[in-house]
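Undergrad: Please read through the structure below; I'll follow up with questions.
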Amino acid sequence: MREVRLSRRQLLHASTTLAGAFAAGKLTRPARAQAGAVAAEPITPALIEAAKKEGKLAFYTAMDLAFAQRLAKTFEEKFPGIGVRVERSGAERIFTRIGQEYGSNIHAVDVVNTADQAHCLVWKRNGWLAPYMPEEVAKHFEPEYYDPDALHITTRILISPIAYNTNLVKAEEVPKSFAGLLDPKWAGKLVKAHPAYSGTIMNATLQTARELGWEYFEKLAKQRVLQVQSATDTPKKIALGERAVMVDGAGYLVIRYKEEGQPVEIVYPDEGTPLATSPSAIFKAAPNPNAARLFQNWMHSREPQQILVDWARQYSPHRLVVEKPGVRKLSEIKLMHEDPEAVEKTGEEIKARYAQIFKV
Amino acid sequence: MTIALPAERTAPTYKIDLSWPILILFAAVLCVLILLPMSWLIYYSLVDRSGAFTLDNFKTLVTDPVFVDPLTTTVILATSSSVICCAFAAPMGWLVARTDMPLRRTVRALVTASFVTPPFLGAIAWELLAAPNSGLLNKVYRAVTGAPQDEHLFNIYSLAGLIFVISAYTFPYVFVLIANALDRIPGDLEDASAILGARTWTTARRITIPLALPALLAGAIVAFLQAMTLFGSPAILAIPAGFHTMTTKIWSLFNYPPKPELAAAASVPLLVLTVFLLRAEHFILGRRGY
């Protein structure tokens, strides 16, 4: 009898605390905008205080690990007291993971950065994202780089070019186009990443298949391509000298390695370079909503975007950011056209067809 | 004269017999840990997306080459690995436990080091050593023989490479089982055999091996199961080589949108193989355990 009475009191206590926390959470959330446009919000001391009270943040990201950790460390130094937990994986894997977590009612993720716009389309449709418009984004980003309902913002722009090892490929033999890679002399010398893991490669596969047809991939499969998972693996493999040419992969890593002195060089293919814009979003059910908003706001401000360009060597949508000399500006590259709706609709089919052609 | 002993005052024992509740507790824990996941697996393999009963998952498993190839590869992989492990670890165990070979302790220590190395890490290490173009061993080979850039001695991105790497990190299981078993077996029978005039090989063949057979079989089965269920090494070496094993195939089925029914059906052969092997061991050994 005594046990029953105690447990009921404990239950009451717990539910009251829970309700109180829920109410407190609702009160500290920044003011909602009117219907239609979402008001642009700067980083206010109130937001910083509320974020510090939460004290932590879960960031699921498709950024390469070095940059993600650098970003997290810079954030922790700027706003001490907020610990950032970085979970890095390929964009498609992150999408699967979030889907599984939400399917089991686990709301662990606060901010997500994915290399596949199609994911944001799905999350938007499921109603999982929270609208939030940082002031700097409203001021300095082109409208094409954020969602009209402020549910997601493009954080970085990725390209997936061809690249080669300068020690293994003579200057006159350098491949200039995707079609050029089908030449028998490249058999056994190519390395490629997988669209089931990487969002960049998923976009690249859709765009290449659209421009060159699936027969291109069928012919490419006969070249005994080394199949790796991540778009960050292919630059590593050519820098190591394991293969001579990468068919697709993270262009920014090639630029980074080249500037470090490794023997790699980038090639912008004649047919166009595949493009993937990488959006970030905050989840409605985020356990640390204020820290999430602070991080999202800070990540799109001038300083981290400049780190993105200077250190990570990626392209930024922020208008005030200064591009380093020696790298082709985004406007000077012939880009393929991005199509997130098509990726969302045909993503499963692309993965299945790819697995059938390349056997893995 | 009779002395009457004082009547023994037996205090009433109110000790509760704890053996039954503990047994039930353990049984419950085992049920939750083992029966629950397995029955979930069987359930998922027999239903389709909507929850209706279907045998289609198993039909796909045995007809679609996308699944049959990895299954065949896994069986070949596990069998070869098990045979290689036994072939290497058994003589090594005998040498270390039964002879006066020098450096016995060093060999034991090195094998233990291999035991504690995660196979995943080992696969990466061998990738650095034996990748066809950038691997150190191949670079040395090219430097020594002057072979052109395209030639290589070892290609770790192949089924043979995968079998080698898996065996290299699974043989410690067999070694430890055999070395410990041989340590425990007293040497009297072998001494008797030597006294009666048998040569070393005859003794080994007719006395030591039958005595060590339970350990050898147990080791072979452990090596088979370990090779069959490894994920890290195949993920690193098989996928770049262009083939799947059953474990990497099951993993790939969880790409969005996940297909847990097919994944569950794909796990059932692994389960059946395990049960079959354990029954086979029981049949061969009977109740002999030594």
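Only the coordinates and a few stated rules stand behind these numbers; no lab work does. For clarity, every value in this text was computed on a predicted model and none was experimentally measured. Note that we place each Cβ from the backbone using ideal geometry, even for glycine, and neighbour counts take in every protein chain shown.
Undergrad: Considering the options B:Phe26, A:Phe295, B:Ser45, tell which one lies farthest towards the positive end of the dipole of the protein assembly as shown, charges being +1 on Lys and Arg and -1 on Asp and Glu at the Cβ, about the Cα centre.
TA: Towards the positive end, the residue furthest out is B:Phe26.
Undergrad: Cα convex hull of region B:106-177: how many Å³ per residue?
TA: Cα-based convex hull of region B:106-177, divided per residue, equals 92 Å³.
Undergrad: Viscosity 0.890 mPa s, temperature 25 °C: Stokes-Einstein D of chain A from its Kirkwood Cα radius, in µm² per second?
TA: Working: Rh = 21.7 Å.
It diffuses with D of about 113 µm²/s by this estimate.
Undergrad: Right, here's the next one. Calculate the length of the line joining the C-alpha centroid of region A:247-278 to that of region A:126-162, in whole Å.
TA: When both Cα centres are located, 23 Å separates them.
Undergrad: Sticking with the crude label model, points 7 Å out along Cα→Cβ, report the distance from B:Ala194 to A:Lys124 in nm, one decimal please.
TA: 8.2
Undergrad: When chain B is treated as a GNM, springs tying every alpha-carbon pair under 10 Å, which of B:Gly187, B:Gly219, B:Gly146 comes out with the largest mean-square fluctuation?
TA: B:Gly146
Undergrad: Here's another thing I want to ask about it. Would you calculate the separation in nanometres between label points at B:Ala147 and A:Lys52, each defined as 7 Å from the Cα along the Cα-to-beta-carbon direction?
TA: Each label point lies 7 Å from its Cα, and together they span 6.4 nm.
Undergrad: For region B:184-290, what relative contact order do you get, as a whole percent, if you take Cα pairs closer than 8 Å and at least 6 residues apart? Mind dumping the intermediate values first?
TA: Details: 43 pairs, mean separation 26.3, N = 107.
Value for region B:184-290: 25 percent.
Undergrad: So, counting K/R as plus one and D/E as minus one, what does the shell of residues with Cβ under 13 Å around B:Val176 add up to?
TA: On the way: positive: B:Arg108, B:Arg184; negative: B:Asp183.
In short, +1.
Undergrad: Can you tell me which of A:Arg328, A:Arg256, A:Arg302 moves the most in a GNM of chain A? Springs connect C-alpha atoms under 10 Å apart.
TA: Of A:Arg328, A:Arg256, A:Arg302, the most mobile in the Gaussian network model is A:Arg328.
Undergrad: Continuing with the same structure: For a Förster distance of 35 Å, can you work out the FRET efficiency between the beta-carbons of A:Arg210 and A:Val322, rounded to the nearest 0.05?
TA: On the way: r = 34 Å, r/R0 = 0.96.
In this case the efficiency is close to 0.55.
Undergrad: About its Cα centre, how strong a charge dipole does the protein assembly as shown have in debye, to the nearest 20, once Lys and Arg get +1 and Asp and Glu get -1 at the Cβ? Intermediate results must be reported in sequence, preceding the final value.
TA: On the way: 67 positive and 58 negative charges, 312 e Å.
Roughly 1500 debye, rounded to the nearest 20.
Undergrad: Compute the Rg/Rh shape ratio of region B:21-123: radius of gyration over Kirkwood radius, all on alpha-carbon atoms. List each step's numbers first, then the result.
TA: On the way: Rg = 22.2 Å, Rh = 18.8 Å.
Radius of gyration relative to Kirkwood radius: 1.18.
Undergrad: As a quick test, which of the pairs A:Lys185/A:Lys222; A:Lys359/B:Lys259; A:Lys52/A:Lys139; A:Lys236/A:Lys324; A:Lys124/B:Lys259 have an alpha carbon distance above 21 angstrom in this structure?
TA: Working: A:Lys185/A:Lys222 12 Å; A:Lys359/B:Lys259 18 Å; A:Lys52/A:Lys139 26 Å; A:Lys236/A:Lys324 23 Å; A:Lys124/B:Lys259 23 Å.
In this structure, A:Lys52/A:Lys139; A:Lys236/A:Lys324; A:Lys124/B:Lys259 exceed 21 Å between Cα atoms.
Undergrad: May I pose another question? Placing +1 on the Cβ of each Lys and Arg and -1 on the Cβ of each Asp and Glu in chain A, which of A:Gln305, A:Tyr102, A:Ile153 has its Cα farthest towards the positive end of the resulting dipole?
TA: The residue sitting farthest along the positive end of the dipole is A:Tyr102.
Undergrad: Only bridges whose two residues both fall in chain A count here: according to DSSP, what percent of them are antiparallel, nearest 5?
TA: Numbers: 20 of 36 bridges.
Antiparallel bridges: around 55 percent, rounded to the nearest 5.
Undergrad: If contacts are Cα pairs under 8 angstrom and at least 6 residues apart, what is the relative contact order of region B:64-246 in percent?
TA: Working: 220 pairs, mean separation 69.1, N = 183.
38 percent.
Undergrad: Taking the Cα centre of chain A as origin, sum charge times position over the Cβ atoms of Lys and Arg (+1) and Asp and Glu (-1), and report the length of that vector in debye to the nearest 20. Please list the in-between numbers first.
TA: Values: 48 positive and 42 negative charges, 253 e Å.
Using only the charged Cβ atoms, the result is roughly 1220 debye.
Undergrad: Do any trypsin sites (Lys or Arg not before Pro) in region A:175-206 lie in a loop, going by DSSP, with at most 11 other beta-carbon atoms within 10 Å of their beta carbon, and if so which?
TA: Numbers: sites: A:Lys176, A:Lys185, A:Lys189, A:Lys192; in loops: A:Lys176, A:Lys189.
Listed in order of number, the matching sites amount to none.
Undergrad: Please give the charge dipole size of region A:141-256, origin at the Cα centre, charges +1 on K and R Cβ atoms and -1 on D and E Cβ atoms. Round to the nearest 20 debye.
TA: Values: 14 positive and 13 negative charges, 141 e Å.
I would put it at about 680 debye.
Undergrad: Still on this model: Distance between the C-alpha centers of region B:106-180 and region A:163-218? Whole Å please.
TA: Using only Cα atoms to place each centre, the spacing works out to 30 Å.
Undergrad: Counting each DSSP H run of 4 or more residues in the protein assembly as shown as -39500 (n - 2.57), what helix-only mean residue ellipticity at 222 nm follows after dividing by all residues, to the nearest 500 deg cm²/dmol? Walk me through the numbers on the way to the answer.
TA: Values: 27 runs with 360 residues, N = 650.
Estimated from H runs of four or more residues: -17500 deg cm²/dmol.
Undergrad: Then there's this: Projecting each Cα onto the charge dipole of region B:77-231 (Lys/Arg +1, Asp/Glu -1 at the beta carbon, about the Cα centre), which of B:Leu136, B:Trp126, B:Pro214 comes out farthest on the positive side?
TA: Positive-end residue among those listed: B:Pro214.
Undergrad: Another one. According to the square roots a ≥ b ≥ c of the eigenvalues of the Cα gyration tensor, what is the shape class of the protein assembly as shown, taking rounded for a/c under 1.5, prolate for a/b larger than b/c otherwise, and oblate for the remainder?
TA: Details: a/c = 2.20, a/b = 1.29, b/c = 1.71.
It comes out oblate by the Cα gyration axes.
Undergrad: So if each residue of separation counts as 0.36 nm, and I subtract the Cα-Cα distance between A:Ala171 and A:Glu259, what length gain in nm does that give? Could the numbers behind the result be given before it?
TA: Working: separation 88, 0.36 × 88 = 31.68 nm, distance 1.88 nm.
Stretched fully, the A:Ala171-A:Glu259 segment lengthens by 29.8 nm.
Undergrad: Provide B:Met101, B:Met228, A:Met202 in ascending order of the number of other Cβ atoms located within 10 Å of each residue's Cβ, fewest first. Before the final figure, lay out the partial values.
TA: Values: B:Met101 12, B:Met228 23, A:Met202 30.
Result, fewest neighbours first: B:Met101, B:Met228, A:Met202.
Undergrad: Let me ask something additional. Can you list the equivalent-ellipsoid semi-axes of region B:64-246, largest first and in whole Å, using the square root of 5 times each Cα gyration tensor eigenvalue? Don't skip to the end; give the middle numbers.
TA: Working: eigenvalues 256, 85, 38 Å².
Over the Cα atoms of region B:64-246, the semi-axes work out to 36, 21, 14 Å.
Undergrad: Note down the nm distance, to one decimal, between modelled labels 7 Å out along Cα→Cβ at A:Ala39 and at A:Glu77.
TA: Placing both labels 7 Å beyond Cα along the Cβ direction yields 3.4 nm.
Undergrad: For a Förster distance of 35 Å, can you work out the FRET efficiency between the beta-carbons of B:Val32 and B:Asp64, rounded to the nearest 0.05? Working shown, then result.
TA: On the way: r = 34 Å, r/R0 = 0.98.
Using R0 = 35 Å, I get an efficiency of 0.55.
Undergrad: Where both residues lie in the protein assembly as shown, what percent of DSSP beta bridges are antiparallel, nearest 5?
TA: Details: 21 of 37 bridges.
Counting DSSP beta bridges with both partners in the protein assembly as shown, the antiparallel share is about 55 percent.
Undergrad: Turning to a different aspect of this structure: Just subtract the alpha-carbon distance of B:Phe53 and B:Ala125 from 0.36 nm times their residue separation and send over the number in nm, one decimal. Intermediate values should be presented prior to the final figure.
TA: Values: separation 72, 0.36 × 72 = 25.92 nm, distance 4.58 nm.
Result: 21.3 nm gained on full extension.
Undergrad: Ranking B:Tyr43, A:Tyr216, A:Tyr132 by Cβ neighbours within 10 Å, fewest first, what do you get? Walk me through the intermediate numbers first.
TA: Working: B:Tyr43 13, A:Tyr216 17, A:Tyr132 23.
Least to most surrounded, the residues fall as B:Tyr43, A:Tyr216, A:Tyr132.
Undergrad: Something else now. What angle, in degrees between 0 and 90 and rounded to the nearest 10, separates the Cα long axis of helix A:251-260 from the longest principal axis of the Cα atoms of chain A?
TA: The two axes meet at around 80 degrees.
Undergrad: If you don't mind, there's one more thing I want to ask. Through the Karplus equation 6.51 cos²θ - 1.76 cosθ + 1.60, θ set to phi - 60°, convert the phi angles of region B:242-259 into ³J(HN,Hα) values in whole Hz; use x for Gly and Pro.
TA: So the J values, rounded to whole Hz, are x, 9, 10, 9, 4, 5, 5, 5, 4, 4, 5, 6, 8, 4, 5, x, x, 10.
Undergrad: A further question on this structure: Which of the trypsin sites (Lys or Arg not before Pro) found in region B:216-289 are loop residues per DSSP with 13 or fewer other Cβ atoms within 10 Å of their Cβ?
TA: Details: sites: B:Lys249, B:Arg279, B:Arg287, B:Arg288; in loops: B:Arg287, B:Arg288.
Here the trypsin sites (Lys or Arg not before Pro) that fit, given the DSSP loop and packing criteria, are B:Arg287, B:Arg288.
Undergrad: Follow-up question, since we're still on this one. Of the DSSP beta bridges with both residues in region A:50-193, give the percent that are antiparallel, rounding to the nearest 5. Write down the numbers at each step before the final one.
TA: On the way: 1 of 10 bridges.
That works out to approximately 10 percent antiparallel.
Undergrad: Apply the Karplus curve 6.51 cos²θ - 1.76 cosθ + 1.60, θ = phi - 60°, to the phi angles in region B:141-146 and return the couplings in whole Hz, x for Gly and Pro.
TA: Per-residue couplings from phi come out as 4, 5, 5, 6, 9, x Hz.
Undergrad: Given an 8 Å cut-off on Cα distances and at least 6 residues of separation, report the relative contact order of region A:44-143 as a percent.
TA: Details: 94 pairs, mean separation 30.7, N = 100.
Reported as a whole number, the value is 31 percent.
Undergrad: To continue, here is another question. Counting other C-beta atoms within 10 Å, which of A:Thr96, A:Thr346, A:Thr200, B:Thr112 has the fewest, and how do the rest follow?
TA: B:Thr112, A:Thr346, A:Thr96, A:Thr200
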